[in-house]
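Notes follow once the structure below has been shown.
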């Protein structure tokens, strides 16, 4: 039922997280990053989280890292 082993690639070398990221349009990506940033930094204002998300969007490696960390460790 549940997979314990994470399959990093889909046979073509592209990770699941990367495929997911590439499926999002700009606003979906920024909204997702805003939600992750806000959830992991509860004292940050929504406006600051949004600004940080816009800045993070331009750094694909950081964006993918945040998404991957959220998926694999959850938000506490």
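The values are calculated or read from the model by the stated rules, or taken from the named source; none is laboratory data. Predicted model only: the values in this text are computed from it and were never measured. Cβ sites come from the backbone with ideal geometry, for glycine too, and all protein chains shown count toward neighbours.
Odds and ends about this structure:
- Close Cβ contacts (under 6 Å, 6 or more residues apart or on different chains) running from residues in region 53-75 that are without any contact (Cβ under 8 Å) to a residue 24 or more places away in the chain to residues that are part of a helix (DSSP H, G or I) and loosely packed, with under 14 Cβ neighbours inside 10 Å comprise 56/62.
- Counting only residues that are modelled with pLDDT of 95 or more and surrounded by 14 or more Cβ atoms within 10 Å (Cβ to Cβ), region 37-47 holds 3 of them.
- Among residues of region 55-70, those that are in contact with a helix residue (DSSP H, G or I) (Cβ under 7 Å, 6 or more places away or on another chain) and either surrounded by 14 or more Cβ atoms within 10 Å (Cβ to Cβ) or outside any helix (DSSP H, G or I) (or both), counted: 8
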